[in-house]
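Notes to accompany the following structure.
The values are calculated or read from the model by the stated rules, or taken from the named source; none is laboratory data. What you are looking at is a predicted structure, and each value in this text was computed from that prediction instead of being measured. Backbone-built Cβ (ideal geometry, glycine too); neighbour counts: all protein chains shown. Calculation scope for accessible area: heavy atoms of the full protein, side chains included, ligands and nucleic acids excluded. Shrake-Rupley method; radii C 1.70, N 1.55, O 1.52, S 1.80 Å.
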Amino acid sequence: MLPTLGVDISKDSFQLELSLKDKLRHRKFANRQEGFGELCVWLAKHKAHQVHACLEATGPYSEALALYLHEQGHTVSIVNPVQIKAFGQSELRRNKDDRADAGLIRRFCEKQRPAPWTPPPPHLRELQALTRHLENLIETRQQQINRLETANNKQVAKSLRKLVAHLQAEIKRTEQQIDDQVDRYPDLKLQAELLDSIPGVGKRTAAKLLAEIPDITQYKSARQVAAQAGLTPRNNRSGTFCGKTRLSKTGNARVRKALFLPAIVAKRHNPIVRAFCERLARNGKNKMQIVGAAMRKLIHIVFGVLKSGRMFDPNHELRLHAPS
């Protein structure tokens, strides 16, 4: 069994707890390439040539270190923070600091042995970086447009108009880079075309989904994909009490965000999603419950189209979902 390494990571640094030969060792490093190199030297010093490292999924803060450890031959697990929090609650944990958090993550790794993480191939990591950059550019442009609408100074307004124009040019350039990246790889281009055939899923959403769920066809079922995106229902029942059913939201928030507007479009223009939503409305579901269910239905369709390698066929789908 490999020694376990718990990693509590933040923007600027990461704290470690290493279990080696029944001894615990702690160290803190800078969260940049220099710190990664120092970590490698530190592990070699303690003859920890291969460890099972566990990190929380903290987006850009954890990805670089996780990739570095994987490339150095270590087993790496990236775990949903909700799991770590629940594990800490099971220990009746009261204190919280970086060192204690690293220890909690290490104990979780030692007891639960979470599944190893495999990084996406380089071309998908490039696509992910571009789609996330585009998302940030669009958000920044909207912020500046909002500022421009309330600007009451001519010089400020002029500066904001220039900034919005610059951001718009960068958005167009990034969109072209995304298109070029997709076109450069035949398999990726085919998958994007398959997704684009689904009413409600345009090429921008297709690129986001392929970037955020790069191994979607490796899942055994559409439900597993929905769970990874936090789109499975969470019941709220106890005894005679029956509360509202909500989305679990314990998954990739970027996938949920990418599907929100497409689900609203699909409610009107995708015959499968429209029929499904109409049935939910007749059963008394509210607007947001229906949108959440439409997002889940859409990810099921996405999985089916990619798994089968066939363009979306509403007639085929309607036959599959028709009552017996």
Query raised in the report: When the chain is modelled as a GNM with alpha-carbon springs shorter than 10 Å, which of Leu69, Leu209, Leu160 fluctuates the most?
Result: Leu160
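Would you mind getting me the FRET efficiency between Arg99 and Asn315? Use the beta-carbon distance for r and R0 = 45 Å, nearest 0.05.
On the way: r = 60 Å, r/R0 = 1.33.
Efficiency at R0 = 45 Å is approximately 0.15.
Beyond 24 Å, what share of the Cα-Cα pairs of the range 1-126 is found? Please give it as a whole percent. Present the calculation step by step, with values, prior to reporting the outcome.
Details: 1565 of 7875 pairs.
The answer is 20 percent, as a whole percent.
Determine the gain in length on full extension of the stretch Lys287-Glu149; use 0.36 nm per residue of separation and subtract their C-alpha separation, reporting nm with one decimal. Display every interim value, and only then the final one.
Details: separation 138, 0.36 × 138 = 49.68 nm, distance 3.03 nm.
Gain on stretching Lys287 to Glu149: 46.6 nm.
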Query raised in the report: Can you pull the accessible area of Lys203 for me, 1.4 Å probe, Å² to the nearest 10?
Result: 110
Report summary line: Short to long, in 10 Å steps from zero, the percent of alpha-carbon pairs of the range 251-293 per bin is 30, 52, 17, 0
Report summary line: Convex hull around the C-alpha positions of the range 1-63: the volume in Å³ per residue is 78
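Express the carbon and sulfur contribution to the solvent-accessible surface of the chain as a percent, rounded to the nearest whole number, probe 1.4 angstrom. Before the final figure, lay out the partial values.
Values: 9350 of 18680 Å².
Ligands and nucleic acids excluded, carbon and sulfur give 50 percent.
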Query raised in the report: Which FRET efficiency value, to the nearest 0.05, do you get for Gln72 and Arg113 by plugging their Cβ-Cβ distance into 1/(1 + (r/R0)^6) with R0 = 22 Å?
Result: 0.65
Report task. Quick one: which residues, 5 or more positions from Ser13 or on another chain, have an amide H under 5 Å from its amide H? H modelled 1.01 Å from N in the peptide plane, none for Pro or chain starts. Result -> Asn31
Requested in this report: Just round it to a whole percent: the fraction of Cα-Cα distances in the range 41-105 exceeding 16 Å.
Outcome: 54
Report summary line: Given a 1.4 Å probe, the accessible area of the chain per residue, as a whole number of Å², is 58
Query - Full-stretch length increase - Lys85, Thr140 - with 0.36 nm per residue and alpha-carbon distance subtracted - result: 16.6 nm
Requested in this report: Enumerate the calculated ³J(HN,Hα) couplings along the range 189-199 in order (Karplus 6.51 cos²θ - 1.76 cosθ + 1.60, θ = phi - 60°), each rounded to whole Hz, writing x wherever the residue is Gly or Pro.
Outcome: 5, 5, 5, 5, 5, 4, 5, 5, 6, 7, x
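Taking only C-alpha pairs under 8 Å that are 6+ residues apart, what is the relative contact order of the chain in percent? If you can, show how the numbers build up before the last one.
Values: 417 pairs, mean separation 41.4, N = 324.
For the chain, the relative contact order is 13 percent.
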Report task. Express in Å², to the nearest 10, the accessible area of Ser19 obtained by rolling a 1.4 Å probe over the protein heavy atoms while all chains stay in place. Result -> 20
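For Lys158 and Leu92, what does the FRET efficiency come to when R0 = 51 Å and r is the distance between their Cβ atoms, rounded to the nearest 0.05?
Details: r = 59 Å, r/R0 = 1.16.
Efficiency for this residue pair is about 0.30.
Based on a Kirkwood Rh over C-alpha pairs, give the Stokes-Einstein translational diffusion coefficient of the chain at 20 °C and viscosity 1.002 mPa s in µm²/s.
Working: Rh = 22.5 Å.
Answer from the Stokes-Einstein relation: 95 µm²/s.
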Report summary line: Residues whose modelled amide H sits under 5 Å from the amide H of Ser197, counting only those 5 or more places away in sequence or on another chain, are Phe312
Report summary line: Classified through the alpha carbon gyration tensor (a ≥ b ≥ c as square roots of its eigenvalues; rounded if a/c is under 1.5, else prolate when a/b is larger than b/c, else oblate), the range 87-198 comes out oblate
